[in-house]
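Undergrad: Take this structure, written in structure tokens, and hold onto it; I'll ask about it next.
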Amino acid sequence: MTHSNRELSRRVLAGARVNVDDAAALFSFPLAELGALATARLRAVQPAPQAGFIIDRIINYTNICGAGCRFCAFHAGAGKVPPYTLSIDEILKKADELAEAGGSQIMLQGGLNPSLGIEHLEMMARAVKERHPGIALHSYSPSEIACAAELAGISDDEAVARLKDAGVDSIPGASDLLVERIRSSVSPNKISVSRWLSVMRSISRCGMQSSATMTYGMGESLRERAEHLNVVRDLQDETGTIRAFIPWSFAPANTELGRDAEVLPSTADVYLRTVAVSRIFLDNVKFIQSGWLTEGLDTAAISLAFGVNDMGGVLTEENVVRAAGINNTAGVEQFVRIIREAGLAPVLRDSSYNELRRFS
């Protein structure tokens, strides 16, 4: 190990905040050492050796979307999934099924459908909440909110406040990659980094919690991945609204971007490095979730030794990743086994990361 790497390792173990250059260098550390550094940083924010998970359901209420992102196989324009919009009755049936399975969170997520304004988003949330008041709605996204606000001619603040009043409890901060060079190439019709930040600040001003994600492997450099993390950390310093961070790799199958010869599927090695660097860099975010849906359960299990402390959701339905040719599934028993085999205590949690049950 070089002197500079030894010094960086020492600073990480001492709890010092790392910068973008440091993060770019950490990506190239020996994998075992990187895992040890990430685990040390995790123990600083969560001393208890445990990992959580939630029983939830994603309800993709429409795939009609004007964004036309090159990394997505789910939107109707990609030609893989026929265009559809779920009725309220269809949404409630899916909510009923989750309730019967003992679930505690629903994610209503859809495309930027110009026919579905803020009133429709409110109607869906209200219908689910009235039927199942005990289920948390962790729903919509900054892009959906920005689209609805523009269609209605209202501010982001008003759009978020109306959704909160309709029953939305928290909003996932679906981030894609917060690097304008990449966004202008792969999703030019989606909101900019500055607009994403604007909606996230609106979420904070409305007293709501959110999350942040990172879709990597779309042609960005390691430094640009670090720059994405820096945007998230700066926002968290400012607002404190981000409860969890979830990185996952771009799934190229069936996508326009996937036909680019320079864009290759990610590997387990890259994923483990990404979650470890995320844990080290995001010193103000307590929960780093595994990306088992895209990476598979075996890699997700290993990620528990690389700074991950949450397995995410036992999803009873997911369609976006499936459209890209990935069909990973999981159940409570699998999550409990995986967490136990990692030497950790499995914890069933709710949408706010409160413990519901600890498995012995």
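The values are calculated or read from the model by the stated rules, or taken from the named source; none is laboratory data. Keep in mind that what you see is a predicted model, and the values were worked out from it rather than measured. Neighbour counts run over all protein chains shown; Cβ positions are idealised from the backbone, glycine included. SASA here: full protein model, heavy atoms, side chains in, ligands and nucleic acids out. Shrake-Rupley method; radii C 1.70, N 1.55, O 1.52, S 1.80 Å.
Undergrad: On the principal axes of its Cα set, how long, how wide and how thick is the chain? Give whole Å, largest value first.
TA: 59, 47, 38
Undergrad: Also, I was wondering about something else. Skip the ligands, DNA and RNA, and give the accessible area per residue of the chain with a 1.4 Å probe, whole Å². List each step's numbers first, then the result.
TA: Values: 14070 Å² over 360 residues.
The answer is 39 Å² per residue.
Undergrad: Tell me, what is the percent relative contact order of the chain, built from C-alpha pairs under 8 Å that lie six or more residues apart?
TA: 24
Undergrad: Tell me what the chain gives for mean residue ellipticity at 222 nm when only DSSP H runs of n ≥ 4 count, each as -39,500 (n - 2.57), the sum divided by the residue total, rounded to 500 deg cm²/dmol.
TA: Per the formula, -13000 deg cm²/dmol.
Undergrad: A follow-up question, please. For the stretch 296-302, take each phi angle, set θ = phi - 60°, evaluate the Karplus expression 6.51 cos²θ - 1.76 cosθ + 1.60, and give the result in whole Hz per residue in order, putting x for glycine and proline.
TA: x, 5, 4, 5, 4, 4, 5
Undergrad: Amide H to amide H, which residues 5 or more places from residue 59 or on other chains are under 5 Å from it, using H placed in the peptide plane?
TA: 107, 108, 109
Undergrad: May I ask what percent, to the nearest 5, of DSSP beta bridges between residues of the chain are antiparallel? Intermediate values should be presented prior to the final figure.
TA: Details: 4 of 31 bridges.
DSSP beta bridges in the chain are roughly 15 percent antiparallel.
Undergrad: Follow-up. Rg/Rh for the stretch 3-60 to two decimals, with Rh computed the Kirkwood way over all alpha-carbon pairs. Intermediate values should be presented prior to the final figure.
TA: Numbers: Rg = 15.2 Å, Rh = 13.4 Å.
Using Cα coordinates only, the ratio equals 1.14.
Undergrad: Another question, then. Can you tally the net charge around residue 50? Count Lys and Arg as +1, Asp and Glu as -1, for every other residue whose Cβ sits under 13 Å from the Cβ of residue 50.
TA: Working: positive: 43, 286, 340, 349, 357, 358; negative: 310, 355.
Overall, the nearby charge balance is +4.
Undergrad: Between 0 and 90 degrees, rounded to the nearest ten: what's the tilt of helix 142-152 against the longest Cα principal axis of the chain?
TA: Taking Cα atoms only, the helix is inclined about 30 degrees.
Undergrad: Considering only 86, 37, 108, give the residue with the highest GNM mean-square fluctuation for the chain, with springs between Cα atoms whenever their separation is below 10 Å.
TA: 86
Undergrad: At 10 °C and a viscosity of 1.306 mPa s, what translational diffusion coefficient does Stokes-Einstein give for the stretch 1-146, taking Rh as the Kirkwood radius over Cα pairs? Give it in µm²/s as a whole number.
TA: Values: Rh = 19.0 Å.
The estimated diffusion coefficient comes to 84 µm²/s.
Undergrad: If amide hydrogens are placed 1.01 Å from N in the peptide plane, which non-local residues have theirs closer than 5 Å to the one on residue 287?
TA: Hits under the 5 Å cutoff: 245.
Undergrad: Of the candidates 333, 90, 295, which one comes out as most mobile in a Gaussian network treatment of the chain with C-alpha springs shorter than 10 Å?
TA: Sorting by GNM fluctuation, first place goes to 333.
Undergrad: Kindly point out, ordered by number, any Cys in the chain whose beta-carbon has no other cysteine beta-carbon under 4.7 Å away.
TA: By the Cβ distance rule, which asks for a partner under 4.7 Å, the isolated cysteines are 65, 147, 206.
Undergrad: Step through the residues of the stretch 155-169 one at a time and calculate ³J(HN,Hα) from phi using the Karplus curve (6.51 cos²θ - 1.76 cosθ + 1.60, θ = phi - 60°), rounding each to whole Hz and writing x for Gly and Pro.
TA: Whole-Hz 3J(HN,Hα) from phi for the stretch 155-169: 7, 4, 4, 5, 4, 5, 4, 5, 5, 4, 5, 7, x, 6, 8.
Undergrad: In degrees between 0 and 90, to the nearest 10, how far off the longest principal axis of the chain does helix 118-131 point, with axes built from Cα atoms?
TA: Relative to the chain, helix 118-131 is tipped by roughly 80 degrees.
Undergrad: Still on this structure: Read phi for every residue in the stretch 132-139 and hand back ³J(HN,Hα) as whole Hz from Karplus 6.51 cos²θ - 1.76 cosθ + 1.60, θ = phi - 60°, with x for Gly and Pro.
TA: 9, x, x, 9, 6, 9, 9, 9
Undergrad: Which net charge results when you count Lys and Arg as +1 and Asp and Glu as -1 among the other residues whose beta-carbon is under 12 Å from that of residue 24? All intermediate terms of the calculation are to be shown ahead of the outcome.
TA: Working: positive: 223, 225, 273; negative: 21, 22, 220, 224, 227.
Local net charge: -2.
Undergrad: Cut-off under 30 Å on the C-alpha distance; same-chain residues fewer than 8 positions from residue 80 excluded. Which lysines are left, in chain and number order?
TA: Output for residue 80: 93, 94, 190.
Undergrad: Between 0 and 90 degrees, rounded to the nearest ten: what's the tilt of helix 88-100 against the longest Cα principal axis of the chain?
TA: That helix lies at roughly 50 degrees to the long axis.
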